[in-house]
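First the structure, which I've put down as structure tokens, then a few questions once you've had a look.
The values are calculated or read from the model by the stated rules, or taken from the named source; none is laboratory data. It should be emphasised that the depicted structure is a prediction, and the values quoted were computed from it without experimental measurement. All Cβ positions, even for glycine, are placed from backbone atoms using ideal geometry, and neighbour counts span all protein chains on display. These area figures cover heavy atoms from the full protein model, side chains too; ligands, DNA and RNA do not enter into them. Shrake-Rupley method; radii C 1.70, N 1.55, O 1.52, S 1.80 Å.
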Amino acid sequence: MAADAPHETLTGTLERIVYVNEENHYTVAHLQPENRREPVTVVGNLAAVQCGEVLKLSGRWTTHKQFGRQFQVEKFESVLPVTIAGIRKYLGSGLIKGIGPKFAERIVGHFGDRTLEVIDQYSGKLRDVDGIGPERARRIKDAWNTQKAIRDIMLFLQSYGVSTSQAAKIYKQYGNEAIQVVKGNPYQLARDIYGIGFKTADAIAANMGIPADSSRRIRAGILHMLEELTDEGHTCCPHDELCQQTSLLLNVDAAKLKVEILALAAARDVAIEDDLVFLASLQRAENELAARLIALTRAPLALPGIKLDKALEWFGQQNPIAPAAAQREAIKTALTSKLTVITGGPGVGKTTITRAIVKILRAKECRVLLASPTGRAAKRLSESTGAMAQTIHRLLKYDPETHGFVHNDRKPLNCDLLIVDEVSMLDVPLAYQLMRAVPPTASLVLVGDVDQLPSVGPGNVLRDIIESRVGRTVRLTEIYRQDKASHIVLNAHRINSGQMPDMPPVAAVSDRRTPARQEQPAVGDRRYSEAAPASDFYFIEQDDPEKALQTIITLVSERIPKRFGFDPFNDVQVLSPMHRGVCGVENINRQLQGALNPVGAKFSLKLNEQQVERYGRVYRVRDKAMQIKNNYDKDVFNGDLGRVKEIDAEEQTLTVTIDDRDVVYDFTDLDELLPAYCISIHKSQGSEYPVVVVPVLTQHYVMLQRNLLYTAITRARKLVVLIGSRKALSIAVRNDKTAARYTRLRHRLQSA
């Protein structure tokens, strides 16, 4: 840019967004200026503007050596269009909820260049337009007022890097008080609004003149750091480590941090215990969880007396496969103990044990409840036991009015025994809420695989309970005959014991024209014939990440469906160790979306009715999608999977079918939803899929751990395909050093 380039103002309609960097909002777009025939390229921080908006830009003309003349934006504001064509495009863009292209055409056709004035000041006249009744007119007026308020917030916040979608969330949270709240304490945004982090709030605070060493900033930074550590699975942090990490974040002296930690403790925002600092709510949850587990074990057993050998003989007659000796002992333990943990890998009989406990106790007319952390796991538990199972959230019954659960210590669950499956997924806050609702008269059976990844949320509940020995633990190791033919089961146990998986001979998959180096082709090779020996576990060797990516796309979209008959949407799940990179979750999702659900394929809908773009992601009708945070109001939870059913451009809503139930999202809430053709291995916990495809590459080095690989392959029921390098696979198998979590549950249980 020339140093003396004059400053100019440019006004026009945003025609097309070419590129957006979601982290800093740097945007490349095409703008149709007023009184010009051809659009121009504009670049700069445009904070997630939308096509159809009329923008007034301040900046300078520059010449890019590759892309030519561009307008470099320094400041912008969204203004209302004045021409009939501009108004029609503005209203039809979906900016005003309730008005899409169809109604925009009708309204502008009726009112002409007075359209926006009518909506703003005389909205009752909208009822003169064909198809608009009193209710739609009211909703259009409300949406117009909301958009005006959001525009005001955007004008206030645009220099702080806040996007349009974030401004909408701020308005939704605070209403007309939004600007006052932000001015009063910008750090409140990070605590109250999902999707607005500490860095955004800190940037706003700095621009508002809040000093870098102010108490308000330091306290917000400490709480943010503790919340970040919670996201990594910790329930607490050593005092000095917390000071060190927060000092790096804030560039503030550690001595000031120590003073503010004490102030936060006095205000009961944090709790200090020995050398550890907790978020106060997490310390209470961990304390209460430990106390209730101990109290349960000390209460008298209330289950009826059962002649165990006779009951097991009876169950063996009812069941197609009689329980083996280790399974019989586990069943006896569960029926004679207050707290029992049953753990072990795939194929060791956990399902048979659970089914036996349920059948025997129900034959004795005992009240048995079953639950699991996820909907998929609960459904699987129901199918395997023949008894109803629920997610823990639905078992406890969330009450939106009180923002708590109906079942708690004042209204406990009505049961004699509670079985909870997939307990490796259970974090401290949810385990605490569950234990509040378990009556002291009941018995509790926890079932899970302790060698899987720990919970996504804070704590290491299953391992801490086992290692504390507060209850009775049964660890199953023997693989039973019905699973001994499965390479998935056998290799899961091999990996868990530090051995490389036993894989059938495969050819390296690279160029299709390259002849196989071995006699037996791979499952990913088109020459794989019906005469090939059957297996349920394959490794396709491919060191190059780009070629591995193309192999994954071809496998999921073509080869696995054609060779094995699996549906790529419902049966096949790609799991990746990392989010970023060529074979990371984000890129694989984009590529698979393009291959499996391209724009225009199998649709008669218009483009804006079959897809919507928000937060740098595209959502299309038919897409696989995953909820990534607990939303109690919608009754959907972190890890729930579904399919996009409908996109309503006028109402600005997207409908996802999750567990045979339609869930409606506003466009501003789509940061809670991710495309799910590929998900992280962590997010797959508690779920099972017929087919799992996993990239294992050296570029995933920091995440290559034994329990990660073990968790990934144990998600599959019928087929596992690994794609990557033997070196990366070997690194993962050898690396049993998992990151330790700061938690005090085991200490509390042992010291009681």
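Extension gain N207-E38, at 0.36 nm per residue separation less the Cα-Cα distance, in nm?
Full-extension gain reported as 57.1 nm.
Please give the length that would be gained between D633 and L301 if that part of the chain were fully extended, namely 0.36 nm times their separation in residues minus their C-alpha to C-alpha distance (nm, one decimal).
Contour length minus the Cα-Cα distance gives 115.8 nm.
Still on this structure, I have one more. Mean 1/r over all different Cα pairs, inverted: what Kirkwood radius does region 542-648 give, in Å?
It works out to 15.3 Å.
Okay, moving on. How high is the relative contact order of region 239-289, in percent, counting Cα pairs under 8 Å that sit 6 or more residues apart?
Relative contact order, region 239-289: 25 percent.
Follow-up question, since we're still on this one. Go ahead and run the numbers for FRET between A363 and D142, Cβ-Cβ distance against an R0 of 51 Å, rounding to 0.05.
0.30
Which of the peptides 420-428, 437-445 is most tightly packed, and how do the rest follow, going by the mean number of other Cβ atoms within 10 Å of each residue? Let's see the in-between values first.
On the way: 420-428: 25.4, 437-445: 21.2.
Packing proxy ranking, top to bottom: 420-428, 437-445.
Next question. To the nearest 500 deg cm²/dmol, what mean residue ellipticity at 222 nm is calculated for the chain from DSSP H runs of n ≥ 4 alone, each contributing -39,500 (n - 2.57), summed and divided by the residues?
Numbers: 27 runs with 280 residues, N = 752.
Computed ellipticity for the chain at 222 nm equals -11000 deg cm²/dmol.
Between E329 and E313, what length comes free when the chain is fully extended (0.36 nm per residue of separation minus the Cα-Cα distance, one decimal in nm)?
Length gained between E329 and E313: 4.5 nm.
Taking every pair of alpha-carbon atoms in region 658-723, give the share separated by more than 19 Å as a whole percent.
Of all Cα-Cα distances in region 658-723, 44 percent exceed 19 Å.
With each pseudo-label sitting 7 Å past Cα toward Cβ, what's the K56-D666 distance in nm, one decimal?
My value for the distance between the label points is 2.7 nm.
Same structure again: Tell me the label-point distance for the pair T653, D253, using the 7 Å Cα-to-Cβ offset, in nm and rounded to one decimal.
5.6
Using alpha-carbon pairs under 8 Å, 6+ residues apart, how would you state the relative contact order of the chain in percent?
Rounded, it is 10 percent for the chain.
Also, I was wondering about something else. Give the whole-number value, in cubic angstrom per residue, of the convex hull volume spanned by the C-alpha atoms of the chain.
Spelled out: Cα convex hull of the chain, divided by residues, is 198 Å³.
Take the solvent-accessible surface of the protein heavy atoms, probe 1.4 Å, and return the percent of it on region 104-220 that carbon and sulfur atoms account for. Write down the numbers at each step before the final one.
Values: 2400 of 5480 Å².
Summing carbon and sulfur atoms, their accessible area is 44 percent of the total for region 104-220.
Which residues does the label zone of D231 cover in region 181-208, counting backbone N under 18 Å from a point 7 Å along Cα→Cβ?
Residues passing the 18 Å test: 187-204.
Can you tell me what share of the DSSP beta bridges in the chain is antiparallel? A percent to the nearest 5 is fine. Don't jump to the answer; show the numbers that get you there.
Working: 62 of 103 bridges.
The antiparallel fraction comes to roughly 60 percent.
In straight Cα distance, which aspartates and glutamates are under 16 Å from K102, not counting same-chain residues fewer than 8 positions off?
Partners within reach: D128, D130, E609, D648, E650, E651.
Another question about this same structure. Report the label-to-label distance for R475 and D128 in nanometres (one decimal), using points 7 Å from each Cα along the Cα→Cβ vector.
Computed distance between label sites R475 and D128 equals 8.1 nm.
Please calculate how many Å² of accessible area the chain carries per residue, with a 1.4 Å probe and no DNA, RNA or ligand atoms counted.
45
Among all the aspartates and glutamates, which ones have a C-alpha under 12 Å from K562's C-alpha, if same-chain residues fewer than 8 places away are not counted?
D525, E530
Taking the Cα atoms of region 180-323 alone, what are Rg (to one decimal) and Dmax (as a whole number) in Å?
Computed over the Cα atoms of region 180-323, radius of gyration and Dmax are 24.2, 77 Å.
Shape verdict for region 701-743, please, from the Cα gyration tensor: rounded (a/c under 1.5), prolate (a/b greater than b/c) or oblate. List each step's numbers first, then the result.
Values: a/c = 3.09, a/b = 1.37, b/c = 2.26.
The shape class here is oblate.
Pairs K89/K634; K350/K397; K350/K737; K338/K364; K379/K629: which exceed 23 Å Cα-Cα?
K89/K634; K350/K397; K350/K737, as the Cα separations exceed 23 Å there.
Quick one: compute the contact order of region 179-257, relative version, from alpha carbon pairs under 8 angstrom and 6+ residues apart, as a percent.
Once normalised by length, the contact order is 21 percent.
Which pairs, out of K148/K645; K97/K172; K125/K172; K97/K624, put more than 21 Å between their alpha-carbon atoms?
K148/K645; K125/K172; K97/K624
Compute the Kirkwood hydrodynamic radius of region 101-154, taking the inverse of the mean of 1/r over all pairs of distinct Cα atoms, and give it in Å to one decimal.
One decimal place: 11.4 Å for the Kirkwood radius.
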